[in-house]
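*Asks:* Please find one structure pasted underneath; my questions will follow.
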């Protein structure tokens, strides 16, 4: 019974989120090893700070919670089999 619940869509999706974030962190750390890439990333950050009020402003933290809430609700719906449920094969 335990093995069957470990293969649910919610568990697989959550595992993918964890693995994806880990891989993104590894790629980001390798990019920071190269000085020219680091300068380009700092340039992107400077541009975003100057041109995007949501990036660095009084409500930036609240706006940053919106994607987390959307992903959390999506994960909950998938875990409850309300979304992306497996369909029984038709005979």
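The values are calculated or read from the model by the stated rules, or taken from the named source; none is laboratory data. These figures come from a predicted structure and were not determined experimentally. When we count neighbours, we look across all protein chains shown, and the Cβ atoms used for this are built from the backbone with ideal geometry, even at glycine.
*Asks:* Name the pairs whose Cβ atoms lie under 8 Å apart, with the first residue in segment 9-27 and in contact (Cβ under 8 Å) with a residue 60 or more places away in the chain, the second loosely packed, with under 10 Cβ neighbours inside 10 Å, and 6 or more positions between them or separate chains?
*Replies:* 9/86; 11/5
*Asks:* Another question, then. Within segment 48-66, identify whether any single residue is at pLDDT 80 or above and closer than 21 Å to residue 83 by Cα, and answer yes or no.
*Replies:* yes
*Asks:* Being outside any helix (DSSP H, G or I), within 29 Å of residue 15 (Cβ to Cβ) and in contact with a helix residue (DSSP H, G or I) (Cβ under 9 Å, 6 or more places away or on another chain): is that true of residue 55 here?
*Replies:* It is false that residue 55 is outside any helix (DSSP H, G or I), within 29 Å of residue 15 (Cβ to Cβ) and in contact with a helix residue (DSSP H, G or I) (Cβ under 9 Å, 6 or more places away or on another chain).
*Asks:* List the pairs whose first member sits in segment 72-86 and is over 12 Å from residue 14 (Cα atoms), whose second member is surrounded by 13 or more Cβ atoms within 10 Å (Cβ to Cβ) and at pLDDT 80 or above, and whose Cβ atoms are under 6 Å apart, counting only residues at least 6 apart or on separate chains?
*Replies:* Filtered contacts from segment 72-86: 83/77; 84/78.
*Asks:* With the checklist (1) within 15 Å of the chain's Cα centre (by Cα); (2) surrounded by 11 or more Cβ atoms within 10 Å (Cβ to Cβ) in hand, flag the one item residue 37 doesn't pass.
*Replies:* The one condition residue 37 does not meet is (1).
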